[in-house]
Structure formats: C-alpha cells, structure tokens
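Readers should treat all values here as calculations from the given coordinates under stated rules, not as data from a laboratory. Not measured: the values here are computed from a predicted model. Cβ placement follows ideal geometry from the backbone for every residue including glycine, while neighbour counts extend to all protein chains displayed.
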2 protein chains.
Amino acid sequence: MQEDQEIFDGEIWISDHKIQYVGPENKEEAAKIAWERQIDAKGNLIMPGFKNAHTHSAMTFLRSHADDMPLLSWLNDQVFPYEAKLTPDDIYHLSKLAIMEYLTSGIIANADMYLTPDTMIQASEDCGFRTTVIGAVNDFTQSVKEVENWYEKYHKEDGLTSYELGFHAEYTTKREILEGISELSKKYHAPIYTHNSESASEVAQCVERTGMTPTVYMEQLGLFEYGGGLYHCVHMSEEDLDVVKRHQISVITNPASNLKLASGIAPIEEMLKRNIDLAIGTDGPASNNCLDMFREMFLVTALAKYRENDASAVDAAEVLKMATTGGAKAMNLSDCDVLVKGKQADLIMIDLHQPNMQPIHNIRKNLVYSGSKQNVKMTMVAGKILYEDGEFFIGTDAAHIYEKANEITQRIMSEI
Amino acid sequence: MQEDQEIFDGEIWISDHKIQYVGPENKEEAAKIAWERQIDAKGNLIMPGFKNAHTHSAMTFLRSHADDMPLLSWLNDQVFPYEAKLTPDDIYHLSKLAIMEYLTSGIIANADMYLTPDTMIQASEDCGFRTTVIGAVNDFTQSVKEVENWYEKYHKEDGLTSYELGFHAEYTTKREILEGISELSKKYHAPIYTHNSESASEVAQCVERTGMTPTVYMEQLGLFEYGGGLYHCVHMSEEDLDVVKRHQISVITNPASNLKLASGIAPIEEMLKRNIDLAIGTDGPASNNCLDMFREMFLVTALAKYRENDASAVDAAEVLKMATTGGAKAMNLSDCDVLVKGKQADLIMIDLHQPNMQPIHNIRKNLVYSGSKQNVKMTMVAGKILYEDGEFFIGTDAAHIYEKANEITQRIMSEI
C-alpha cells in the first residue's frame, strides 16, 4: 500500500510484533533464523489489514432488533432505552463478538465510541486486538471529567489500545460540554473525534439554533485546533469542507449505515478533489448491520459513481488507501499503515484462489469490486494470528461468546 | 419461504432430486429408510437457494478489466471487441467459473443471457447446476432463426437446464428482429426476456426515435402477450409500470451494476406498492463485479431507503422473497421455490454460528442486512451437494477452472 509500490512475489518476516523484512525470497538469510512457524502463502496476497475508523462495537446486541426506522426515532425509541440496561460486563462480551466479526473481514483495528472504556479496552486486550476508544460524552452519558480521566489512564503512543478525546455529536451535547472538550484538546494538544452532519435535519437544526453548520460551529468553539476525525459528513457545505481541509481533519465515511438510515450519500469525490484525508468505518452493528470492510469499500466507490452520475468517480486504488493507510492516519496508527521493516505486523492474507478473485487481471480492483469476507484466510495483529481459516485465536471459545451475546440480548429485551 | 411459515426446528428428507419430507423430527419413520448420508445441521438454517434471475456468466473474463467507465463507452470499447474474440469453448470454461461463484453465494439457478447456448448449457449440465439460457439476439449477434432453433432444442419443462425467448435490448435491436421475436412468442405462447430502461439516455433515445418509452414501444410490438421478465427497469414512468403490471411481467433488479455504471436506482418501493413481481439478478461480472446475492439483497433494501428518504422502505422479508420465490417465478421454476414435499431439492445451509449472524434476534433480517458468502455452508441443486464447507463438487477441479479462465483472459487481451 505504499505509493507506487507494485504487488510483488516475495516474503515477509515477523518477530516481536513487528515486520523484520519484506522483499524477495532470501533463502540464505532465512536459513540462519530459528523460525517458530513458516507459512506458505501459496500465491495468495499479503496486505496491510483494514482499519475500521468508526464503530460502536458493543451494539451487536441490537443487530436486527430495530431495522427499517428513521434515524431519530430509531435512536430515541429503540437504542437509548436498551443501552441504558447494559452493564460494563455486558459491553465486554458484546465487544468481543464485534471483534470476531472484524477479524473475519480482515479488520485489524477499530476506533470504538461507546459507553464503558474500561471493559472495552479489556475486551480488546484479552483478544489481542487493536482498539482506540473514543470519548462519547453527551448530555445523557459520561462527563468531561470522566473523559479526561480515561484519557490520562488509557491514552498511549504504543501498545494495542489507546484512548482519544471525543464526544457523541453536536446535536446531543450542550455548549458547556463542548467547551470542556475543547479545553481538554488544548491542554493535551489532542485531536477530537465526533459524529458530524450525518442527517440533513441535524444540520438544519444546528443552523437554526446557532446560525452555523455543525462543522463551522464546532470550529468556532476551538474544537479542531489539533485536528481529529469527523464521522459521516454526509451533508457538507463548501465552507464545511474548507474547515475540514484547513484543520487536516480526517473524514470517516460510513456508507452502509448512511443508506440504511436514509441519511444520504457523502460527497466523497468532492473530498478527494480537495485532498481531504479519508477513512472508512462500518458504524455500529445496529445501524449497518454487518461489520464488513468489503461491503463498505464497494459502497464508497459505487455510491460515488451514482452520486456524481459518473462511472469513473473514485477508483479502486483510492478506496483501498482509505480502508488501510487512510484509516491508520485517522486513528494515529502511523506504525500500522504499510508493510515495511520496523512497522507493526498488522496484516492479512487474502485468498486469491476463490472464484470471485479470478481471473487475476487487477488485484486492487478485485479486492474492492468483488472481494468478500470469504477471501480472508488470515488476520494478524501485532504479529499474532487471531483468525486463520475460519478459526479464532482470541483466548475464548467462539461458542462461549455467542452464548453470552444471546443471554445478554434476551435479558435486556425481557427487561423492556 | 412460504407465506406465514415460521422458521422451525425439524428435518428435511431428500431423494430422487426431490424433497420427500419437511417437518418436525420423525425418528420412527426415519429409521425405516436406508440413508445414503445424514447431515446434522447443528442448528444452522436450511432455506431455499437463491435465484440469480439475470446474469451474463461468461463475462468473468472481463472482471476488473474495465471498471470506472460510463455504460455506453464501456460496452462499445471494452466489452464488444473483447467478446468478439471468445470461442464457444471459452464460454464453457468461463461459465463454469461463474457457476462456482454462484454456489459460494447460495445461488442454485441462473437466467443466463450470453452468446453460445450450446456450451453454456453444457457447462451447467456438467456441473449439475440449474440454468435457463435466454435468447440474446440483437443487430450484431445471433438471429431470430437461431433463437427459434435453440428454443426448440433446449426449452424444457423439467430437467436442470432450459431456454427462453429473449433479445439483448430495444436499443441494440432493430424493429424487424423485435417483430420476429414477437412472432415466436405468439407461436410458442412463450414469455420474453430483455434488458429494459437501464440508463436514462437509453430511454430518452427511444422516446426520440419512436415517441414511446422502451416499455411502451415493446408492448406495442406485442412482445409482452405471454409475460416474461425485464432486466434493470431503473428509469420507469407510471405508464411503464402499468404495462409491467398488466402483463404480469417480472422486474429483475440489478442494484450493484446500476450503481457501478452510474445508471441509477430502480423504484423498487413503487413497484412493491403496485404488487409487481420482483426478482434479483447480479448482472454480469464485468459490470458488478462480484456474483453475490447477499450484496444485492442489502442493496435492494438500502438503496430503496435512500431513494425514498424513508428508512422503513422495503423490509427484509420482502427482499428475501425477491431473491428466492420471486426469482423462481421470474424464471418459471415453480418446482424450485419453497421447501415442500414434492419440490426440487434446491436448497442451502446457512451457518448461523458466525459472528455476523449473532445474536439471533431475527434470522430474516440477519440474512439480508448482515449475511455474507462466508455463511454459505452448503449449496444443493436437485438433491446433489455441489458446494460444501468451501469445497466444490462439480466434476472438475477448481484449480483447473482458474487456470483455464486465466489462459483465456490472457489470450484475448493479447489479441487486442
């Protein structure tokens, strides 16, 4: 995924979580090493893993619970009351279920905005998965003080997990809290993450209330001085895009969720023309409902083609960058972006010996236009294989996680 | 998939291509039978297989060859010249590659419009797959006489393969040929299949030329007296929808192809309100590029939600019907629609023990909103397992088919 790097035949050596060598076969040097395991990739593709730059993992318990509803009534009637019943321990198990699904889709890291950072971080650490938890404060849950405490406790420059400042959204968070988060950003020189301009009504309401779009309003509050990431960005004015570019903010697009909730189609082609940093997120399993980077990648390009009425809009190579290096940039994972010596060994093996990957004309286009979870043979995070040939190596039996997820779901449904 | 039939725990018995029993466990009767094989489904889902009601299978050789181009230049510059180099034997092997992909997606039958019915039928018969070949006559390939000969030779009421009357599209076929096909329809009391109103420019050009939309023009030519199926139907007037309903024509929607070629979004919600018969097709691998009913199902509902600006549009149960019983109706496969005694054993097993299918709230919604090829454990056509746990049982090694597909592709690319 490096600029101008062609796909080549060769090998990759890994130890101590990191890539030690990438290049052509080197039998002489390889013979000197005591290998723990050698894998014959059999002509399959090794590539950087995908980064899921926006999700709410533990919402797995609401999958297929309340589809076919508009965004606001869905949130108010079918999401918030059920979430209020969740315990931190529930979130631990439900997050693990999502992590399993990420692994089946070749996703090696997620930016996870949800309720209980302690058990979310625990779930990822126990699985060996890479997670950045994002502050989710709003008028109803969490506080600025809690966000600061979690930031102090969990924000790290290395290791599997970290924490970044964030809040739910402008439309759920009063000015006083936004100002508090803005102060934290300045105190820690830290980027900010939040939902932005997901639905047209959210933008219209902000304009009515403040005279500004959410993007401009948040800029005025000083929230973007250290950059960060904005989720969705479906309804963006020219001025909004200028703000995003000026502050080198990443836009994280969530195309499946935006369709399913009838929110709209983000102007990705326009953002690319402005060289805005782009990444892709699945959003949570209640709004998508699957956690599948292949579906998202196809949608990013196919919806851009439809939106622009131009079948040449947003080509496959751009989409692959969004899902890998763009995600790494949005999540501050500069060690997990490309397959180069010294980088973290966060990589996947794609099975090219499947009918949807044949014939082999153009592997990048095959991945974006016809790739599927079924092609993910192996997912490795920090040098450890967590998923291989349909089996999970995350310290807990798959069956146990399914059982827990069903128990929790049934309990909560019975309480309401 | 029967109306009002709930999903239940039980068993299904198969012999002589057919379903002999569906119901609760029946140990007493089962003990009397000499089983060739008993499969413990382990709580997974058995359901009718999907029907791919519109495709061009052998276009696998153009997968990832010419993406990111508008419909007409794509057809004229990147499809037609390459297709002219195909031999009947090429089409045999390339069709097999597509059949493999159908099997991985739980598709048990296809309606296949392409160039050489003899080798297309041979490919399906050799694999044990169910195919209806559709006449593809236009100004450049095939003739009305050939279509009649193939109809006489291959049209059958039972068996794995059949042939139906059809032509490529109004915009590629002169009036004289259309009249010839119309006469055949009357002679054989046979339905007609064709592409229709895929792009706005195609409709505008027909209106300019004839004063009528393609749908109305074709009705005037008497092409719909015995019903049939229309592919795409993206740009339809009220009058067009009246014509479709009046003649009990099935609309076969192809959402991924319509997005990728920037053709538009079909008015599925409006068609449902009018009780128009609906089915789903992947279209060919050059325009989609994958052959995946799960992606199509998600798109049918998600795009309808976006188009209608209503997240409650086109619910999951309706989409599942389109992909199964709707497809059977469109393809005249009345023996392959539901799991009932006496019907063909065309069925699939869906792995519910995967993270994207958990927790189990609502299996129909799980299938449509989060289902994936990865969930297809087994695909059975006419009582024979053709795909199980990632392996193919189609009389040829997978590796041989990949090799052939790559050879053919490289040869044709080198000739142009």
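Our summary of shape: the Cα atoms of region B:256-368 have principal axis extents of 41, 36, 32 Å, ordered from largest down, in whole angstrom.
Viscosity 0.692 mPa s, temperature 37 °C: Stokes-Einstein D of chain A from its Kirkwood Cα radius, in µm² per second?
Working: Rh = 21.7 Å.
Roughly 151 µm²/s, to the nearest whole number.
Ranked from largest, the principal axis spans of the Cα set of region B:64-124 equal 32, 25, 17 Å.
A Gaussian network model of chain B, with springs between Cα atoms under 10 Å, assigns the largest mean-square fluctuation among B:LYS145, B:LYS156, B:LYS32 to B:LYS32.
Toward the positive end of the charge dipole of chain A, with +1 on the Cβ of Lys and Arg and -1 on the Cβ of Asp and Glu, the farthest Cα among A:GLN410, A:HIS17, A:ILE192 is that of A:HIS17. For B:HIS353 and B:SER312, the FRET efficiency from 1/(1 + (r/R0)^6), where r spans their Cβ atoms and R0 equals 22 Å, is about 0.10.
Considering the protein assembly as shown at the alpha-carbon level, its Rg and Dmax are found to be 26.7, 83 Å. Here region B:180-320 is described by how far its Cα atoms reach on the three principal axes: 42, 30, 29 Å, from widest to narrowest. Sorted from shortest to longest, the distances between the A:GLN220 label points of this copy and the other copies are 5.9 nm, with each point 7 Å from Cα along the line through the beta carbon. Over all Cα atoms in region B:1-126, the spread is summed up by Rg and Dmax: 20.6, 64 Å.
In region A:163-253, the C-alpha radius of gyration followed by the widest Cα-Cα span (Dmax) gives 11.8, 33 angstrom. Shape analysis of region A:289-333 yields a ratio of the Cα radius of gyration to the Kirkwood radius, Rg/Rh, of 1.03.
Of all chain B C-beta atoms, the nearest to the rotation axis linking B with A is recorded, alongside its rounded Å distance, as B:GLN374, 2. Using only Cα coordinates, the Kirkwood hydrodynamic radius of region B:336-416 works out to 15.5 Å.
Rounded to the nearest 0.05, what FRET efficiency is calculated for B:ASP242 and B:GLU176 with R0 set to 30 Å and r the Cβ-Cβ distance? Spell out each step's value before the answer.
On the way: r = 27 Å, r/R0 = 0.91.
That gives a FRET efficiency of 0.65.
Spin-label model, B:HIS155/B:GLU36: points 7 Å from Cα along the beta carbon direction are separated by 3.2 nm.
Placing a label point 7 Å from the Cα of A:GLN220 along the Cα-to-Cβ direction, the residues of region A:235-266 whose backbone N falls under 20 Å from that point are A:235-247.
Its residue count N fixes a reference of 2.2 N^0.38 Å for region B:5-76, and the Cα radius of gyration divided by that reference is 1.94. Here the simple spin-label model places points 7 Å from the Cα toward Cβ, and for B:ASP389 and A:LEU272 these points are separated by 4.2 nm. With its label point put 7 Å out from Cα toward Cβ, B:LYS85 sits 6.2 nm from the same residue's point in the other copies, in order from shortest. In a simple Cβ point-charge model (Lys, Arg +1; Asp, Glu -1; nothing else charged), region A:48-330 has a dipole of about 340 debye relative to its Cα centre.
Of the listed pairs A:LYS260/B:LYS329; A:LYS305/B:LYS305; B:LYS343/B:LYS384; A:LYS305/A:LYS329; A:LYS85/A:LYS186, which have alpha-carbon separations greater than 23 Å here? Could the numbers behind the result be given before it?
Values: A:LYS260/B:LYS329 28 Å; A:LYS305/B:LYS305 18 Å; B:LYS343/B:LYS384 14 Å; A:LYS305/A:LYS329 25 Å; A:LYS85/A:LYS186 35 Å.
Cα-Cα > 23 Å for A:LYS260/B:LYS329; A:LYS305/A:LYS329; A:LYS85/A:LYS186; rest within.
Between copies, A:VAL207 shows label-point distances of 3.1 nm, shortest first, with the point placed 7 angstrom from Cα along Cα to C-beta. Bridgeable aspartates and glutamates around B:LYS96 (alpha carbons under 13 Å apart, same-chain partners fewer than 8 residues away excluded): B:ASP112, B:GLU125, B:ASP126, B:ASP397, B:GLU403.
Less than 5 angstrom separates the built amide H of A:HIS353 from none of the residues sequence-distant by 5 or more or on a different chain.
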